[in-house]
Every structure is written in C-alpha cells, then in structure tokens.
1. Based on what the data block shows, is residue 102 in contact (Cβ under 8 Å) with a residue 40 or more places away in the chain and under 19 Å from residue 179 (Cα atoms)?
2. Out of (1) at negative phi; (2) buried (at least 22 other Cβ atoms within 10 Å of the Cβ); (3) not in a helix (DSSP H, G or I), what's the single condition that is false for residue 92?
3. Residue 236 - would you say it is more than 20 Å from residue 292 (Cα to Cα), in contact with a strand residue (DSSP E or B) (Cβ under 7 Å, 6 or more places away or on another chain) and in a helix (DSSP H, G or I)?
4. Can you find even one residue in the range 129-136 that is buried (at least 22 other Cβ atoms within 10 Å of the Cβ), under 18 Å from residue 224 (Cβ atoms) and without any contact (Cβ under 8 Å) to a residue 60 or more places away in the chain?
5. Name, by its number, the condition in (1) out of contact with any strand residue (DSSP E or B) (no Cβ under 8 Å at 6 or more places or on another chain); (2) buried (at least 16 other Cβ atoms within 10 Å of the Cβ); (3) not in a loop (DSSP other than H, G, I, E, B) that does not hold for residue 215.
6. So, in the range 55-70, how many residues would count as being surrounded by fewer than 19 Cβ atoms within 10 Å (Cβ to Cβ), part of a helix (DSSP H, G or I) and in contact (Cβ under 8 Å) with a residue 40 or more places away in the chain?
7. Where in the range 96-174 are the strands (runs of 3 or more DSSP E), entirely inside, with at least 3 residues that are touching a strand residue (DSSP E or B) at 6+ places or on another chain (Cβ under 7 Å) and more than 20 Å from residue 278 (Cα to Cα)?
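Read the figures in this text as sums done on the coordinates, not as results from a lab. Note that this is a predicted model, so its numbers are computed, not measured. All Cβ positions, even for glycine, are placed from backbone atoms using ideal geometry, and neighbour counts span all protein chains on display.
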C-alpha cells in the first residue's frame, strides 16, 4: 500500500468538530480518555484520510512502516473488484473501513463497530473526514445483542471485555451495550446481495463474536479473525476448525495462502506472545474461497 507520507494537518488546523474532551464518570472511568489532544491527518491513499492523535505510537508507527497487517491489505486488494460490504468489528479509529471504502480498494460499503467511547469519537471523525461514506456503531460485538458488558483497559489498541486480558489495567473501565454481527448486518446492511466480509479483532472475544455471525457465515461471508499469541489453546481457531464445511487459511509474508486444517499449524504460526495473528475462514462453497487460489491467478492492484 502506498502511503502518502505528507502530514497534512494537526489539530489547530482541523475544523471544530475534531476537538473534543472525553471525561470519565466517578463510578466508571472510560477505558481510554483523549482530552484536548492534538490530531494528525494522514493520506493513506488519494481517497483515504486517516485521523489519529499526534504522538500515538501505535498508529504513527503502523502508518510510517506502510505494512500494517499486510495479510488483510492483500485480501482487500484482491477483492477490490468483487461486490461485498465490510463489517469491521473492533474498528478502533476505522483504518480498515477507510481503506475498504476508498476508490483504490473498490469503494465498498462498510459498517465500523467500536466499543470504546473515546475510540468511537475518533471513528466518527474519520467517517466525517471521508465524506460519511461508511457507517459507525458504538457497540461491543458478542454472540448476543442488547446486553450490558464492561470494557477494560488503558490503551486504545488493547481494550477487552475480559478481565484476564490485561489484568493490571482493570482499574479503567466503561459499560457498553452488545450486538451480534448478524443483528448488526440485518439492521445496518439489510439489502446485501453478496456474501459479506467480516473483520473481527475484539481482544479475546473472537469466538463469541463468530458465534454471533452464524447467519452471515451460512450466507457465505468471509471472516477475518484474530487468534492472539497469548492464547496457547488457540480458542478461536479451535472453534472455527470444528465447524462443518468451513475452510480456514493463513497468508504469509510473501502473500502465499496456506490451508489450515489442524491446530498444530496454528501453533506453528503463532510464534509471538505479544501480537495477534489473522486467519481467514468461510464455507468451502463460498465465492470468497476462490481468492485463496494461487496468487498468480488473480490480478492485483497497482
């Protein structure tokens, strides 16, 4: 992905809606708080504007390296000419929704779902900065809708519904309503005609999120899910591999898809304890499965 390395503007030059103060409550402090922060806007491509806090080492490093989650970028490029809508679960500030909805990636419809109040504020800013072309939803993704859940954590990129995910950060938390992926699709993408693309990065609750997407998976949706290195029992992959008629792939650093049929393969891929690993899953009969044929058979995007 070609990243335009020009830093376009900072908060002083952004319009008034880009400045806000997000304050916690005495009884529950939001998982992250971004108060009067300076913001940076970067062009990811000629039709993709990405706003994040100045000094944010997570996103500034990812954008500068121009190699953030390359396996997802590989998939989006190969799918640019295919009809789909993206459901971006655990969207953070909306990076993948911004790209998937941009012209070089096919101008696809997208629904970005984020549980954190602070992150959601910047997610909305990013939707506005890109002409409102993707929808946003402030919810936590689980297997049931309409429940109250607690989101824990201090850093915007590691917030979790699990108390054991970052146990030393449980002093920072907030309440959030849940939604299943199936319900989100029915409410916000009701007229979909083609199998959806679902990206799930929800910090340890991937299995529950996948369970809440049964109808979409039955329709042929492709699920990109994270299996984190800290999870030695590989619960997300264990669940997916146990499902009848589902094919699973990984994509290596050379853009080569590999079919995953056993947990031993997952374990061999997950060599780092402090990072997540993306896997791809869909029904064997889904049209998405053709994307994982040898890369040479599929034209790419310049």
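1. Values: in contact (Cβ under 8 Å) with a residue 40 or more places away in the chain: yes; under 19 Å from residue 179 (Cα atoms): no.
No, not satisfied.
2. Among (1) at negative phi; (2) buried (at least 22 other Cβ atoms within 10 Å of the Cβ); (3) not in a helix (DSSP H, G or I), the lone unmet condition for residue 92 is (1).
3. Working: more than 20 Å from residue 292 (Cα to Cα): yes; in contact with a strand residue (DSSP E or B) (Cβ under 7 Å, 6 or more places away or on another chain): yes; in a helix (DSSP H, G or I): yes.
So residue 236 passes the test.
4. Within the range 129-136, one or more residues are buried (at least 22 other Cβ atoms within 10 Å of the Cβ), under 18 Å from residue 224 (Cβ atoms) and without any contact (Cβ under 8 Å) to a residue 60 or more places away in the chain.
5. That leaves (2) as the condition not met.
6. Number of matching residues: 3.
7. The strands (runs of 3 or more DSSP E) meeting that bar are 135-137, 148-152.
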